[in-house]
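Have a look at the structure below before the remarks.
The values are calculated or read from the model by the stated rules, or taken from the named source; none is laboratory data. What you see is a predicted model; the values in this text were computed from it and never measured. Cβ placement follows ideal geometry from the backbone for every residue including glycine, while neighbour counts extend to all protein chains displayed. Just so you know, the surface numbers come from the protein's heavy atoms only, side chains and all, with ligands and any DNA or RNA stripped out. Shrake-Rupley method; radii C 1.70, N 1.55, O 1.52, S 1.80 Å.
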Amino acid sequence: QPPLAQRLMMQESSLAQFALQSTASLPAITLGLPATTSARGEAERRPLSSLAHRVPVLNGPVLAGPHSPLFIPAGLEQHEPGSPLSPRLQPLIILEPSVTHAPLVAVPSLGQVPFSFSPSLLSLPGHHKPLGRTRSEPLPQNPKSIQQQLVYQQHHNQFLERLKQQTHLGKRMAKSSEKPRLQQIPSSEDMEAEGSLPEPGADSTDPARTCLEPTRSGSSGKEPERTQKVMQPQEELVLQQAYLWDSYQRVQQQLLKRQPLADSSMVPSIHAGHRPLSRAQSSPATATISLPAQDTTSKPLSLPVQEQPAKPHFTTGLVYDSVMLKHQCSCGDNSNHPEHAGRIQSIWSRLQERGLRSQCECLRGRKATLEELQCVHTERHVFLYGTNPLNRLKLDNGKLAGILSQRMFVMLPCGGVGVDSDTIWNELHSSNAARWAAGSVTDLAFKVATRELKNGFAVVRPPGHHADPSTAMGFCFFNSVAIAARQLQQKGKLSKILIVDWDVHHGNGTQQIFYRDPDVLYISLHRHDDGNFFPGSGAADEVGAGPGEGFNVNVAWTGGLDPPMGDPEYLAAFRTVVMPIAHEFSPELVLVSAGFDAADGHPPPLGGYKVSAKCFGYMTKQLMNLAGGAIVLALEGGHDLTAICDASEACVSALLGNELDPLPEESLRQKPNPNAVRSLEAVLQVQSKYWVTLQRFASKLSCSFLEAQHHEAEEVETVTALASLSVAVMVEKRPQEEPMEEEEPMNQ
């Protein structure tokens, strides 16, 4: 049997050898394993030395067509067609000879391995199927049926042509008919992400968009405000269209009557209220003409104009969109992947069930632009993970071909594709979801910074705080919180931003991005275990560098799970480290990387801590005392659905200003465990030289919450007593001085 490369239809090309990542070098967040040096970024920039195999050189054919990405797993030749994949991770490489892409098509004989073919491979010999026909059934073989179908198609095309001329859409149709590239038909949510909310600065006449959106009935798309000024001509136009529509229906009904009953399913019938084929976008048009399907005289025709959105109320903003649900592994089994779409679905449903969503301003968010992503990430990283075959058609960048020509992924045991053993990659949807998460957090942060909203909570995925400028890892592709902070610095002109990260894993990406920046204070509370817990970074002595020295604070918990950290430890950290430093820094806005994997309910590899949902609500309320209450929480990690729903509910309730449930009495009376006290002592020892306010808390690290409150009350009483005493002394001295001043004039 000839090798795989010769069994497929291919085109001449030549490829050099590519090094692939081995499983030993990959960080594993699901196993809690720390990242090695090579896995933190070197794996993307140079070949690994401990390789067990390489992809063979393919001299000659690659894959059909010059526009097709190729997925090649190592050792594919050794597997029989349809045989199960090896239990180990299969290294995988995607080769893209061109920036233009054809849709991905599954090949049943190759099992779970995704391949891509150009449309020419899938076309059948004979006549080309007309574009007006979109049904999947084969064309009828009966000559009479074929003739009737062609007549129907001809009448349909004539009607559309006359309607186009009457509505003055010739220019728009002409542009969209030049070199049509109907390579992929996206779903409605894809079109929402790609079309209905265009990126800032995007050209509305982009050829890639016009192939998805050929016409907008009744609107030229340039000046919608003219619709009311030209109402008189429009009324005449509506009458003409009604006449055309009526005549078109009569012809169609005649054709349908002639069509045999067995072939009736072959002709797409027009039902009442069906949307015209000329509009294929899921969002409502700016101005549309409703064409009745039955009686043109009974229902008046109108030209509704889209109203301006109402100004949001000054309350808590919630951002969520279903676009982020589509980032899923191709295996379809969420049990293999802790970071799945059910996380944000569950949180969004819980907020609805508890009546919290109705008290908030719900936002859809938006997709981050490539320029916004590059304010934090490298251009190479943005092109690798911020583009997909659909929106790459819009890009005209010579660098893109070289960057995409050597993308390295791994084949997961489940049969899907990932950038490492945890972080799955969906070629069509992952980039959209990651960009939507980053853009949504940024948009919400700007609304809070400008006081359009009081505060906010972003229900987004995939998370972002592990993504550094050039590496995707730990479920993260783009660092949403870091992008929002940088945009607030550059465009919002904010000079002091606080980022608090209470995810159980250290935000290595956020720390690296702002390590030399004195205007962004990063405080992280995370399980560290002396570098033996994922990602391995975040020691207490990592304090920043250069001008940013002292503006990086790591509360690095050590001691493993003996015992696990919980409410008493986190309350002590907030009381002695987080809030004193934050008050001294005095930020203008607070961003929270709100991962809930420290919550009770997560297995040891994913956290193993015992923080309650009420404690997360309390920490949120504490942070609301900063920056005039301007605070934005963005979901990061957290994989136990009940735990993250409870924690999210508590945080949103705190943001709304609702009265929180009291913390458990046991948590308030319990002292922090010895491992936590040692961890906090290490933090104070390092950070005291940068923050003078920490010195007075050194003797109170081992106090319980209630003991600390008692000491603070005693201090307040002491200060008040001293102040009263000093006032009394002043009053006592004052009468003795006044008579002396009065006696002097009398002696004179």
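From the list LEU663, LEU684, LEU680, LEU694, exactly one residue is touching a residue at least 40 places away in the same chain (Cβ under 8 Å), outside any helix (DSSP H, G or I) and not hydroxyl-bearing (Ser, Thr, Tyr). Which is it?
Criteria check complete, one pass: LEU663.
If GLN308 meets every condition in (1) modelled with pLDDT under 95; (2) within 20 Å of GLY416 (Cβ to Cβ); (3) in a loop (DSSP other than H, G, I, E, B) apart from one, which number is that one?
Going through (1) modelled with pLDDT under 95; (2) within 20 Å of GLY416 (Cβ to Cβ); (3) in a loop (DSSP other than H, G, I, E, B) one by one, GLN308 breaks only (2).
Please go through segment 568-587 and pick out each residue that is open to solvent by 10 Å² or more (accessible area, probe 1.4 Å) and among the acidic types (Asp, Glu).
Hit for segment 568-587 is GLU584, nothing else.
Of the residues that sit in segment 338-386 and are assigned to a loop (DSSP other than H, G, I, E, B) and among the polar types (S, T, N, Q), which one is most open to solvent (accessible area, probe 1.4 Å)? Outline the logic, then answer.
Within segment 338-386, the subset assigned to a loop (DSSP other than H, G, I, E, B) is 338-341, 354-356, 360, 364-369, 374-378, 386.
Then keep just the ones that are among the polar types (S, T, N, Q); that gives 369, 374, 378.
Details: THR369: 10, GLN374: 74, THR378: 56 Å².
This residue is GLN374.
In segment 542-561, what residues are open to solvent by 20 Å² or more (accessible area, probe 1.4 Å), in contact with a strand residue (DSSP E or B) (Cβ under 8 Å, 6 or more places away or on another chain) and not hydrophobic (A, V, I, L, M, F, W, C)?
Within segment 542-561, GLU542 is the sole residue that qualifies.
How many of the residues making up segment 357-410 are β-branched (Val, Ile, Thr) and farther than 24 Å from ILE483 by Cα?
Adding up the residues that qualify gives 1.
Being among the hydroxyl-bearing types (Ser, Thr, Tyr) and closer than 21 Å to HIS583 by Cα is the filter; apply it to segment 511-540 and report the residue that is farthest from the chain's Cα centre (by Cα).
It comes out as TYR515.
Name the residues in segment 588-607 that are open to solvent by 10 Å² or more (accessible area, probe 1.4 Å) and touching a residue at least 12 places away in the same chain (Cβ under 8 Å), would you?
GLU588, ASP600, GLY601, HIS602, PRO604, PRO605, LEU606
As an exercise: evaluate PHE534 against (1) touching a Gly at 6+ places or on another chain (Cβ under 9 Å); (2) under 21 Å from HIS602 (Cβ atoms); (3) open to solvent by 10 Å² or more (accessible area, probe 1.4 Å) and give the number of the one condition it does not meet.
(3)
Within segment 425-466, how many residues are open to solvent by 10 Å² or more (accessible area, probe 1.4 Å) and β-branched (Val, Ile, Thr)?
Residues meeting the conditions: 1.
Among residues belonging to segment 387-402 that are free of Cβ contacts under 8 Å to residues at least 24 places away in the same chain and outside any loop (DSSP other than H, G, I, E, B), point out the one that is surrounded by the fewest Cβ atoms within 10 Å (Cβ to Cβ).
GLY398
Residue check, ILE344 against (1) of a type in the set (A, V, I, L, M, F, W, C); (2) farther than 22 Å from CYS476 by Cβ; (3) within 19 Å of the chain's Cα centre (by Cα); (4) at pLDDT 95 or above, all met but one. Which one?
With (1) of a type in the set (A, V, I, L, M, F, W, C); (2) farther than 22 Å from CYS476 by Cβ; (3) within 19 Å of the chain's Cα centre (by Cα); (4) at pLDDT 95 or above applied to ILE344, the lone miss is (2).
Go through segment 661-676 residue by residue and tally those that are closer than 18 Å to GLU569 by Cβ and open to solvent by 20 Å² or more (accessible area, probe 1.4 Å).
10
Go through (1) modelled with pLDDT of 90 or more; (2) farther than 30 Å from GLU353 by Cβ; (3) in contact with a Cys (Cβ under 9 Å, 6 or more places away or on another chain) one by one and return the number of the condition HIS710 breaks.
That leaves (1) as the condition not met.
Touching a residue at least 40 places away in the same chain (Cβ under 8 Å), closer than 18 Å to GLU588 by Cβ and open to solvent by less than 20 Å² (accessible area, probe 1.4 Å), is that true of VAL520?
Considered against the rule, which asks whether it is touching a residue at least 40 places away in the same chain (Cβ under 8 Å), closer than 18 Å to GLU588 by Cβ and open to solvent by less than 20 Å² (accessible area, probe 1.4 Å), VAL520 comes out as no.
I'm told PHE475 meets every condition in (1) at positive phi; (2) in contact with a Phe, Trp or Tyr (Cβ under 6 Å, 6 or more places away or on another chain) except one. Can you identify the failing condition by its number?
Of the numbered conditions (1) at positive phi; (2) in contact with a Phe, Trp or Tyr (Cβ under 6 Å, 6 or more places away or on another chain), the odd one out for PHE475 is (2).
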